[in-house]
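The structure appears below as structure tokens.
The values are calculated or read from the model by the stated rules, or taken from the named source; none is laboratory data. Just so we're clear, the structure is a prediction, and the values are computed from it rather than from any experiment. Methodologically, a virtual Cβ is constructed for each residue, glycine included, from the backbone with ideal geometry; neighbour enumeration extends over all protein chains shown. Only protein heavy atoms, including side chains, enter the accessible area calculation; ligands, DNA and RNA are left aside. Shrake-Rupley method; radii C 1.70, N 1.55, O 1.52, S 1.80 Å.
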Amino acid sequence: MAASGRCPECGSAALLEDAHYAQQQLVCAACGCVLAEGLLTTTYSDEGQLREVAYSQSTGQKEQLNRCEQRGIRRVQDLCKVLRLPSVFEGTAVSYFQRALQHPSFRLVSLEKKELLVGCCVLATCRQHNWPLTLGTICSLLYAKQELVTSVYLSLQKELGISVPALSLSDLVKTHLNSFRLFQHTEDIPAPFVEDKETMLARTMQVVELASETWLVTGRHPVPIVTAAAFLSWQSLQPSARLACTFTQFCKAAGVDLPPPARLRLKELYDILLRMAAELAWLKVLNLDRKTVVKYIGDLLQHRAFLLKNAFCAADVEEQQRAAQAEDSSSNPPAAAGTAADKGRPSEGEQKAEGSRRPLLPPCLLHPRKRLRTAALSASDAAVTGDEPISDSEIEQYLRGPEEMRAFRRAKVWP
């Protein structure tokens, strides 16, 4: 829109009113000199009508982010770039972070938890898009304790109502093996230690599936089990050159941390493999131990279903056998029982084989934790005086119900 007057610089009368970045300016069309500038306006109608609006009342004041929110958004974006996540993930994670900061539960938390909130938003976004990212990776990138990150992550899900699917075990194995440094030839890794990535991934998946079928994964952290399975798979692919390598040396060469429970998971896997090897025909004649059984992991995994069925007995079958033996011993006299049982009694070797078979149960049932023994009550404490407090459950036994009350009234009517 043309305006009246002349430019003080060049004297031209070609003056135009131009809206530059939502701010009215009077500009000379000949030399480009800015003669006057207006104030910020909020809407297009205000700009068209040339209404002056104070900056505190404009949309710019509302759109301005505080320093904490700006820093958090930059942290989310940097974390997504480090993890090489798609741009869609970055936008979702930023929106979660902004929603969390506006929530009363996260507005007044400490700066440490706000830093962890950044990683939790990225983790929730990856889980929703089925992107294999573990909680341990977030903890290592943020240099934070796993317990604290877990508490912030759970509270984020609860307060924002985010539904996050569980990460599958196969995706976790792939993600954990991607961090290993054993798939490329380097100066600090010996040549016999280098292994093909796809081959090791396939063998590790089979060992992890075996651990899942034998209750070694249920209710436990998966990373120690995956690390132990990777070690066994790596040794079994070239046993002649790798049997002398210890678990600690393997983790050091792979560039991963050795979780404390990983040694226990490795011991449990050794026990499962030895029991399976005792059922394989061409391995019965060999005196296998934890070192030599690794050579035959490929054969054991190939016949996994058959060997597990023969190496372990069902829990209900074992209880039935015990009940039958107790019934026979109590009903038959010793002499008659001996003559009757000798007819269908298995040989001594079969008895040893049956005795060595145990039910396939979780380790927490096979080796339960010892409970602390309570101190025995003294004679005075154990004596019943009648002044003991009555629990609520016991009081309910003495209270009459509606039917009992009706029956009691009918009984009192009779003379």
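Below are the figures for this structure:
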{"read-out": "Qualifying residues in the stretch 238-252 (those that are in a loop (DSSP other than H, G, I, E, B) and free of Cβ contacts under 8 Å to residues at least 24 places away in the same chain) - the one nearest to Thr292 (Cα to Cα)", "value": "Ala244"}
{"read-out": "Among (1) at negative phi; (2) open to solvent by 30 Å² or more (accessible area, probe 1.4 Å); (3) not hydroxyl-bearing (Ser, Thr, Tyr) - the single one Trp215 does not satisfy", "value": "(1)"}
{"read-out": "The stretch 289-310: number of residues that are of a type in the set (Gly, Ala, Ser) and open to solvent by 60 Å² or more (accessible area, probe 1.4 Å)", "value": "1"}
{"read-out": "Residue list for the stretch 215-239, restricted to those being at pLDDT below 90 and of a type in the set (Ser, Thr, Tyr)", "value": "Thr218"}
{"read-out": "Given (1) within 18 Å of the chain's Cα centre (by Cα); (2) at pLDDT 90 or above; (3) of a type in the set (Asp, Glu), index of the condition Glu90 fails", "value": "(1)"}
{"read-out": "Single residue of Leu280, Leu266 found to be open to solvent by less than 70 Å² (accessible area, probe 1.4 Å) and out of contact with any Pro (no Cβ under 9 Å at 6 or more places or on another chain)", "value": "Leu280"}
{"read-out": "Those helices (runs of 4 or more DSSP H) lying entirely in the stretch 78-151 with at least 3 residues surrounded by 14 or more Cβ atoms within 10 Å (Cβ to Cβ)", "value": "87-102, 111-128, 135-142"}
{"read-out": "Candidates Val122, Val109, Val118, Val152, filtered to the one that is in contact with a Cys (Cβ under 7 Å, 6 or more places away or on another chain), farther than 24 Å from Phe180 by Cα and not small (Gly, Ala, Ser)", "value": "Val152"}
{"read-out": "Leading residue by the ranking (farthest from Leu264 (Cα to Cα)) among those in the stretch 175-208 that are without any contact (Cβ under 8 Å) to a residue 24 or more places away in the chain and either assigned to a helix (DSSP H, G or I) or in contact with a Gly (Cβ under 7 Å, 6 or more places away or on another chain) (or both)", "value": "Ala191"}
